[in-house]
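K.L.:
Here it is, the structure in full.
The values are calculated or read from the model by the stated rules, or taken from the named source; none is laboratory data. What you see is a predicted model, and the numbers here were worked out from it, not measured in a lab. No Cβ is skipped: glycine too gets one built from the backbone with ideal geometry, and neighbour counts run over all protein chains shown.
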Amino acid sequence: MVTLSSVVRPLASQFHRRLVRHAKSHRITPARRCNLAACSSKYVLSQMHPMWQGPLVVPGGDNQSPIDIVVRKSVFDSELKPLVTDYDPDTCQQIWNNGYSFLVEYNDTTDKSTLKGGPLQDTFRLCQFHFHWGESNVWGSEHTVDRRMFPAELHLVHWNSDKYSLFEEAVMEDNGLAVIGVFLKVGKRHEGLQKLVDALPAIRHEGSVVEFTRFDPACLLPTNTDDYWTYHGSLTTPPLTESVSWIIMKQHIEVSHDQLAVFRSLLFTSAKDDVQKSMVNNFRVQQPLCGRTVRSSFIPFLQEVSSVEGDKH
């Protein structure tokens, strides 16, 4: 999940890039196989990023991510508050192809773009957002709901600026990060996403960075942000630290097939590589819940019935 930039860029960006270099220098694989049929098939695993195709160097714990969210086993928590996002589009700086995904990076030196509320007690600064997606519309999301996969998943990464002074500190410590996860479903074109999609051809190859400004990530959130699941988990790329408060939106957003096709046109490889590899299946497989509780801000059964009834119309 988290990775970024060079010496002249903000310190958070430096740390992200160091994580990517670390990942590339160690061929790693998930500690546990995915329990989902499609995800654990030899075909899908063989098509995944080299990050997950060798011996696991980074040790995993009992609070690893992603997970399957079992709706009926989630626990309604009336204490969970609505999320409060306050994003300043002027803090948007650039897009970077890091060889695993593309990252839209934000200036996080002040509290200009923040996340509060929900399960959080502190203020968290937006650092970057990125996506995970599959080679087809059958799979691609990291989290699943009742074993249902989505074609892609958005992650908005924030760090705790009340407790820590730098992203590098927060990523290694308890209650350091908060990540909003949003599922993407193929449907109508997403107008807010199109500005980003139009910029992606410029970063087709690994290592490409282009200026990208005045993008409001709030346009990528679903209309209903009050209904979500939350649990304690980890980064989904090395160093896999268990410092993340995950907030997974119940409502998905729609994007068109053509918009996802542009994601899939990106490359894991640099322009100098002899063999070019499409950037697809850049997700980590499912991890066991290991006794953790997934809390919900809504009553699962009532919402489930309402959703089913709504699908009939």
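K.L.:
Condition (residue is within 24 Å of Gly207 (Cβ to Cβ), of a type in the set (Val, Ile, Thr), touching a Lys or Arg at 6+ places or on another chain (Cβ under 8 Å) and at pLDDT 95 or above) applied to segment 169-177: is it met by at least one residue?
P.N.:
Within segment 169-177, not a single residue is within 24 Å of Gly207 (Cβ to Cβ), of a type in the set (Val, Ile, Thr), touching a Lys or Arg at 6+ places or on another chain (Cβ under 8 Å) and at pLDDT 95 or above.
K.L.:
Six or more apart or on different chains, Cβ under 9 Å: which pairs go from a residue in segment 220-249 that's more than 25 Å from Pro300 (Cβ to Cβ) to one that's basic (Lys, Arg)? Could you list them?
P.N.:
The qualifying pairs are Thr237/Arg284; Leu240/Arg284.
K.L.:
Same structure again: At least 1 residues that are surrounded by fewer than 19 Cβ atoms within 10 Å (Cβ to Cβ) in each: list the strands (runs of 3 or more DSSP E) lying fully within segment 216-282 that qualify.
P.N.:
Because the criterion is at least 1 residues that are surrounded by fewer than 19 Cβ atoms within 10 Å (Cβ to Cβ), the strands (runs of 3 or more DSSP E) in segment 216-282 that meet it are 228-233, 253-255.
K.L.:
Just the residues that are touching a Phe, Trp or Tyr at 6+ places or on another chain (Cβ under 7 Å) and among the small types (Gly, Ala, Ser), please, taken from segment 101-117.
P.N.:
Scanning segment 101-117 gives Ser101, Ser113.
K.L.:
Being in contact with a helix residue (DSSP H, G or I) (Cβ under 8 Å, 6 or more places away or on another chain) and modelled with pLDDT of 95 or more narrows it down to one of Leu115, Leu120, Leu83, Leu103, so name that one.
P.N.:
Leu103
K.L.:
Within segment 166-174, identify whether any single residue is surrounded by 22 or more Cβ atoms within 10 Å (Cβ to Cβ), of a type in the set (Asp, Glu) and outside any strand (DSSP E or B), and answer yes or no.
P.N.:
Within segment 166-174 (the criterion being surrounded by 22 or more Cβ atoms within 10 Å (Cβ to Cβ), of a type in the set (Asp, Glu) and outside any strand (DSSP E or B)), the answer is no, since none of the residues qualifies.
K.L.:
Let me ask you something else. Checking Pro66 against (1) in a strand (DSSP E or B); (2) surrounded by 21 or more Cβ atoms within 10 Å (Cβ to Cβ), only one condition comes out false. Which one?
P.N.:
(1)
K.L.:
What are the pairs, 6+ residues apart or on separate chains, where a residue within segment 186-212 that is at pLDDT 95 or above has its Cβ under 7 Å from a residue that is of a type in the set (D, E, K, R) and surrounded by fewer than 17 Cβ atoms within 10 Å (Cβ to Cβ)?
P.N.:
Every condition considered, the pairs that remain are Gly187/Glu254; Lys188/Glu254; His190/Glu254.
K.L.:
Let me ask something else. For Glu153, are the conditions met, namely being crowded, with 23+ Cβ neighbours inside 10 Å and out of contact with any helix residue (DSSP H, G or I) (no Cβ under 9 Å at 6 or more places or on another chain)?
P.N.:
Here the answer is yes, as Glu153 does meet what is asked.
K.L.:
Select from segment 118-157 the residues that are touching a residue at least 40 places away in the same chain (Cβ under 8 Å), in a loop (DSSP other than H, G, I, E, B) and hydroxyl-bearing (Ser, Thr, Tyr) and list them in ascending order.
P.N.:
Ser141
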